[in-house]
1. How do the pairs read when you match residues in the stretch 186-207 that are over 17 Å from Thr55 (Cβ atoms) with residues anywhere that are surrounded by fewer than 18 Cβ atoms within 10 Å (Cβ to Cβ) and modelled with pLDDT of 95 or more, using Cβ under 6 Å and keeping only pairs 6 or more apart or on different chains?
2. Within the stretch 125-133, identify whether any single residue is within 22 Å of Gln168 (Cα to Cα), part of a strand (DSSP E or B) and in contact with a Leu (Cβ under 9 Å, 6 or more places away or on another chain), and answer yes or no.
3. Is one or more of the residues making up the stretch 217-238 surrounded by 21 or more Cβ atoms within 10 Å (Cβ to Cβ) and either in contact with a Ser or Thr (Cβ under 6 Å, 6 or more places away or on another chain) or charged (D, E, K, R) (or both)?
4. Hey, any hits in the stretch 48-71 for a residue that's part of a loop (DSSP other than H, G, I, E, B), open to solvent by 80 Å² or more (accessible area, probe 1.4 Å) and at pLDDT 80 or above?
5. With Thr61, Thr89, Thr72, Thr120 as the choices, which residue is more than 22 Å from Gly220 (Cα to Cα) and out of contact with any helix residue (DSSP H, G or I) (no Cβ under 8 Å at 6 or more places or on another chain)?
6. Return a yes/no flag: does the stretch 134-142 have any residue that is among the small types (Gly, Ala, Ser), without any contact (Cβ under 8 Å) to a residue 12 or more places away in the chain, assigned to a helix (DSSP H, G or I) and surrounded by fewer than 20 Cβ atoms within 10 Å (Cβ to Cβ).
7. Looking at Cys101, Cys149, which is the one that is touching a residue at least 12 places away in the same chain (Cβ under 8 Å), assigned to a helix (DSSP H, G or I), crowded, with 18+ Cβ neighbours inside 10 Å and touching a Cys at 6+ places or on another chain (Cβ under 6 Å)?
8. Tell me, which residue of the stretch 53-102 that is small (Gly, Ala, Ser) and within 24 Å of Ala210 (Cα to Cα) is farthest from the chain's Cα centre (by Cα)?
Amino acid sequence: MSKERKNPLAAAEAADRKRKLLIQVAVAVVLVGLVAAIGISIAIKNAANNDEGPTPTIAATAPQNPAGITGTITDSGYIRIGKPDATTTVRVVADLQCPACKAFEAQYGPVLEDAVANGTAAVEYNIIAFLDRASSTEYSSRAANAAYCVAGTDPAKFQSWLKTMYAQQPAEGTAGLPDASLLQIAQTVGYTDPSIEQCITDRTYDKYVAARTDDTLNGGVQSTPSVFVNGTQVTPDQLAGAITAAQ
């Protein structure tokens, strides 16, 4: 009985199919690897973009002034200054490079200081940084970072620090105050904690400032200063009356 002869053509076709299948499998493996690599790369980039860096805090043991004025960092990132039992909240959105904010502080800063001192209101300073273009050294962001640096060590001195910062506000289009000047201003109003210098020079809260700035602008704030009393926006000349009416 003779053996069945193999069909050379069929054998060749089978071998060709096997090669194509192996190639397809190899390509699929490579594609899966590429997709995974791209996914990992995107995840890493998103994580980096979403990284807000260190979150500023004010310790419960932070110094209090004799009047009982304390401070906290709210969940929204505002620096809240006032007595714990204050029932009225004033929110001030400001950029430390903003000339209009400087004018607001000069005219209405005393109103806010009095409200905090007598307990009629707590003030939430929503410090943002969108005016880096107005200096060659990103002064807006550096000053906002410094706000968190000083508030975290002693909130009771924050309003004095803010007033001094505005008094020395650099003109738009200049280099802005150097870090050494920011440290000197802090020391002038009584901030002596050695951690402040590193916080200022390292720009510890840069990412946090950028994130809170985006939140604020995306939340509908269109200009600085913007002022709110118990969540309702008021014009600066309405501020004193709105605080009184809220009592």
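1. Going by the 6 Å Cβ cut-off, the qualifying pairs are Val189/Ser160; Val189/Thr164; Ile200/Asp179; Thr201/Asp179.
2. First, the residues of the stretch 125-133 that are within 22 Å of Gln168 (Cα to Cα): 125-133.
Those left that are additionally part of a strand (DSSP E or B): 125-127.
Then drop every residue that is not in contact with a Leu (Cβ under 9 Å, 6 or more places away or on another chain), which leaves 125, 127.
Looking for residues that are within 22 Å of Gln168 (Cα to Cα), part of a strand (DSSP E or B) and in contact with a Leu (Cβ under 9 Å, 6 or more places away or on another chain), one finds at least one in the stretch 125-133, hence yes.
3. no
4. Filtering the stretch 48-71 down to residues part of a loop (DSSP other than H, G, I, E, B) leaves 51-69.
Now drop any that are not open to solvent by 80 Å² or more (accessible area, probe 1.4 Å), which leaves 55, 57, 60-61, 64, 66.
Right, trim to at pLDDT 80 or above and you get 55, 57.
Yes.
5. Values: Thr89 fails: more than 22 Å from Gly220 (Cα to Cα); Thr72 fails: out of contact with any helix residue (DSSP H, G or I) (no Cβ under 8 Å at 6 or more places or on another chain); Thr120 fails: out of contact with any helix residue (DSSP H, G or I) (no Cβ under 8 Å at 6 or more places or on another chain).
Step by step, each of Thr61, Thr89, Thr72, Thr120 is checked, and only Thr61 is more than 22 Å from Gly220 (Cα to Cα) and out of contact with any helix residue (DSSP H, G or I) (no Cβ under 8 Å at 6 or more places or on another chain).
6. At the first step, the residues of the stretch 134-142 found to be among the small types (Gly, Ala, Ser) are 134-136, 140-141.
Filter again for without any contact (Cβ under 8 Å) to a residue 12 or more places away in the chain, leaving none.
No: zero hits.
7. Numbers: Cys101 fails: touching a Cys at 6+ places or on another chain (Cβ under 6 Å).
Exactly one residue qualifies, and that residue is Cys149.
8. Going through the stretch 53-102, the residues small (Gly, Ala, Ser) turn out to be 53, 59-60, 62, 67-68, 71, 76-77, 82, 86, 94, 100.
Okay, now just the ones that are also within 24 Å of Ala210 (Cα to Cα), so 53, 59, 71, 76-77, 94, 100.
Working: Gly53: 9, Ala59: 19, Gly71: 18, Ser76: 9, Gly77: 7, Ala94: 13, Ala100: 21 Å.
Among those that are small (Gly, Ala, Ser) and within 24 Å of Ala210 (Cα to Cα), it is Ala100.
The values are calculated or read from the model by the stated rules, or taken from the named source; none is laboratory data. What you see is a predicted model; the values in this text were computed from it and never measured. Note that each Cβ is placed from the backbone with ideal geometry, even for glycine, and that neighbours are counted across all protein chains shown. Accessible surface areas use protein heavy atoms only, side chains included; no ligands, DNA or RNA. Shrake-Rupley method; radii C 1.70, N 1.55, O 1.52, S 1.80 Å.
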